[in-house]
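S.K.: The structure follows.
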Amino acid sequence: DEIKTVEGVITRFCLDYGMIDDLICFTEDAVMRSVPLQVGQRVIAHVEEDKISHGLRAVRVESISDKWDDNSINPYTVDASVKTLIGNVTKFTGSNGYINQTTSFSMKVVCKDFYPCKGDLVQAEYIVNPSTWTSEAISVKPLRFKRIDK
């Protein structure tokens, strides 16, 4: 078993598992310290290949502090890079919604001629908002789209 150390951002976090950069799965027993993790938090993970799924699994996850001694956010460590997410629309109100229950979006960022519905499989580009540590889509498009005209 070859274990690699990687740095990433928590992109999903549920009751008993989470995802780092939407690629690496981890369970709560892999989390070091008693600091609760949340979406948008930077972490260091010790990762190995899962023999069953052939995906990546973190065996140890440690949070990286973005705070100076005076508890202010360090502006040089905030990761505002755009990432890609493939997931399902889990909630949609007509003007905004969520992908995989964690990434919010508004109709302003949805591609032309697409009206999302709950359950749609979409591809989104998103960023992690450094002030709220939430992931926000900056563009949303369907993975498959079939237009039916009368």
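S.K.: Report the Stokes-Einstein translational diffusion coefficient (µm² s⁻¹, integer) for the range 83-142, Rh taken as the Kirkwood radius over Cα pairs, at 20 °C with viscosity 1.002 mPa s.
M.R.: The calculation lands on 193 µm²/s.
S.K.: Could you give the accessible area per residue of the range 4-63, probe 1.4 Å, as a whole number in Å²?
M.R.: Roughly 58 Å² per residue, with all protein chains present.
S.K.: Sticking with this one: Give me the accessible area of PHE92, 1.4 Å probe, in Å² rounded to the nearest 10.
M.R.: Rounded to the nearest 10, the figure is 40 Å².
S.K.: Pairs LYS83/LYS112; LYS51/LYS83; LYS83/LYS118; LYS91/LYS112; LYS4/LYS141: which exceed 29 Å Cα-Cα?
M.R.: The pairs that break the limit, which is 29 Å between Cα atoms, are LYS4/LYS141.
S.K.: Give or take rounding to whole Å, what are the principal axis extents of the alpha carbon atoms in the range 4-63, in descending order?
M.R.: 29, 22, 19
S.K.: Let me ask you something else. Quick check: at a probe of 1.4 Å, how many percent of the accessible area of the range 4-63 sits on carbon and sulfur atoms? List each step's numbers first, then the result.
M.R.: Numbers: 1930 of 3470 Å².
C and S fraction of accessible area: 56 percent.
S.K.: Using packing as a proxy for protection, rank 20-28, 111-119 so that the peptide with the highest average count of other Cβ atoms within 10 Å comes first.
M.R.: Highest to lowest by the protection proxy: 20-28, 111-119.
The values are calculated or read from the model by the stated rules, or taken from the named source; none is laboratory data. As the structure is a prediction and not an experimental result, all values here were calculated from the model. Heads up, the Cβs are rebuilt from the backbone with ideal geometry, glycines too, and the neighbour counts pull from every protein chain shown. We work out accessible area using only protein heavy atoms, side chains counted, and drop any ligands, DNA or RNA first. Shrake-Rupley method; radii C 1.70, N 1.55, O 1.52, S 1.80 Å.
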